[in-house]
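Attaching a single structure in structure tokens format; questions to follow.
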Amino acid sequence: MKSTMLVAPSLLSADFLNLGQEVEAICATQCDYLHIDVMDGHFVPNLTIGPLVVEKIAKIATKPLDIHLMTRNSEFFVNLFAPLKPAFLSVHIEEVCHLDRLIEEIKSQGIKAGVVLNPHTSLDSLRYILPKLDLVLLMSVNPGFGGQKFIPYSLQKLRDLRDLRDNLNPQCLIEIDGGISAENIALIKESGADMVVAGSYIFGAKDYAKAVESLKI
Ligand code: DX5
Ligand code: ZN
């Protein structure tokens with residue numbers, strides 16, 4: 001796949017006191033999706049936003065939502081967020097017991113289903129479920145916070161996932177999340193990502209449009 005990198009800015013690094021303006025500003029760029037990080041204080045040591053806030057975001061956003069659930073009890077959270085009709089709804093593989101059933105549930109609502117892997121989680125766990133997925137999201141930092149450093153072994157994992165994806169389900173997108181900026185985007189692209197999440201790099205920039213553009217290689 002040699003298309004332009006898809007870019008999903010993570011609202012986690014936006015100014016929450018001016019969330020409406022931030023959503024409008026980021027939607028005015030060439031970004032492809034809005035990445036929404038849902039944290040429950042159990043699966044990860046942080047809390048973010050729930051469906052009431054995400055519903056308001058969805059109302060004014062002109063880009064489709066890419067929702068990343070970092071939660072225990074993912075079935076419960078899928079039921080909360082699916083009615084908001086995101087483009088992608090992704091759950092952590094480490095957490096879900098009946099993953100096949102949950103993926104079917106997400107897809108039955110016309111939403112693209114994704115599975116997320118923590119940095120250490122082996123790709124072996126994807127072997128049988130990958131043919132059913134629309135997206136695999138690799139964490140390149142330990143989830144819970146924005147502004148962390150990219151874990152270097154994630155590049156090898158990306159290359160391995162690309163091989164697996166090409167064999168088992170070429171339609172499935174590969175997304176990567178954590179520590180991404182203009183500095184490492186070329187390596188990330190070469191290693192096989194189709195889509196990147198970037199929070200602190202984009203929202204820390206003076207010019208959001210330029211920052212997004214620098215990732216669209
Ligand atoms: C981390 C979140 C990320 C985060 C990325 O748990 O999943 O989406 O916002 O932030 P940066 O790009 O700053 O690493
Ligand atoms: Zn995320």
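The values are calculated or read from the model by the stated rules, or taken from the named source; none is laboratory data. All figures in this text were calculated on a predicted structure; none of them were measured in a lab. Cβ placement follows ideal geometry from the backbone for every residue including glycine, while neighbour counts extend to all protein chains displayed. Side chains included, ligands, DNA and RNA excluded: accessible areas come from the protein's heavy atoms. Shrake-Rupley method; radii C 1.70, N 1.55, O 1.52, S 1.80 Å.
What strands (runs of 3 or more DSSP E) lie completely within the range 104-196 and have 3 or more residues being within 12 Å of ligand 1 (Cβ to nearest atom)?
135-139, 173-177
I've got another one for you. Considering only residues of the range 66-93 that are aliphatic (A, V, I, L, M) and outside any strand (DSSP E or B), which is nearest to the chain's Cα centre (by Cα)?
Ala87
A further question follows. Which pairs do you get when a residue that is in contact (Cβ under 8 Å) with a residue 24 or more places away in the chain, found in the range 116-141, comes within reach of a residue that is within 16 Å of ligand 2 (Cβ to nearest atom) and aromatic (Phe, Trp, Tyr), reach meaning Cβ atoms under 8 angstrom, with the pair 6+ apart or on two chains?
As it stands, the answer is Asp134/Phe88; Leu135/Phe88; Ser140/Phe150; Val141/Phe150, since those pairs meet every condition given.
Answer yes or no as to whether Phe150 is among the hydrophobic types (A, V, I, L, M, F, W, C), closer than 19 Å to Cys27 by Cβ and within 16 Å of ligand 2 (Cβ to nearest atom).
Taking the combined requirement at face value, the residue does not satisfy it.
I'd like to check something: does the range 9-32 contain any residue that is within 14 Å of ligand 2 (Cβ to nearest atom) and more than 13 Å from the chain's Cα centre (by Cα)?
Yes - at least one qualifying residue is present in the range 9-32.
Mind listing whichever residues of the range 100-115 are open to solvent by 20 Å² or more (accessible area, probe 1.4 Å) and farther than 23 Å from Val197 by Cα?
Across the range 100-115, the qualifying residues are Asp100, Arg101, Glu104, Glu105, Ser108, Gln109.
Mind listing whichever residues of the range 199-217 are within 12 Å of ligand 1 (Cβ to nearest atom) and either of a type in the set (Val, Ile, Thr) or farther than 24 Å from Asp163 by Cα (or both)?
Within the range 199-217, Gly199, Ser200, Tyr201, Ile202, Phe203, Gly204, Ala205, Ala211 meet the criteria.
Taking only the range 24-59 into account, find how many residues are β-branched (Val, Ile, Thr), under 14 Å from Leu84 (Cβ atoms) and away from ligand 1 (no atom under 13 Å from the Cβ).
3
Name every residue in the range 116-151 that is touching a strand residue (DSSP E or B) at 6+ places or on another chain (Cβ under 7 Å), of a type in the set (Gly, Ala, Ser) and open to solvent by 20 Å² or more (accessible area, probe 1.4 Å), in order of residue number.
Gly146, the sole residue that qualifies.
What are the residues in the range 163-206 that are open to solvent by 40 Å² or more (accessible area, probe 1.4 Å) and among the aliphatic types (A, V, I, L, M), if any?
Those that are open to solvent by 40 Å² or more (accessible area, probe 1.4 Å) and among the aliphatic types (A, V, I, L, M): Leu164, Leu168, Ala182, Ala186, Leu187.
What residue, of Val54, Val44, is away from ligand 2 (no atom under 12 Å from the Cβ), buried (at least 17 other Cβ atoms within 10 Å of the Cβ) and outside any strand (DSSP E or B)?
Val54
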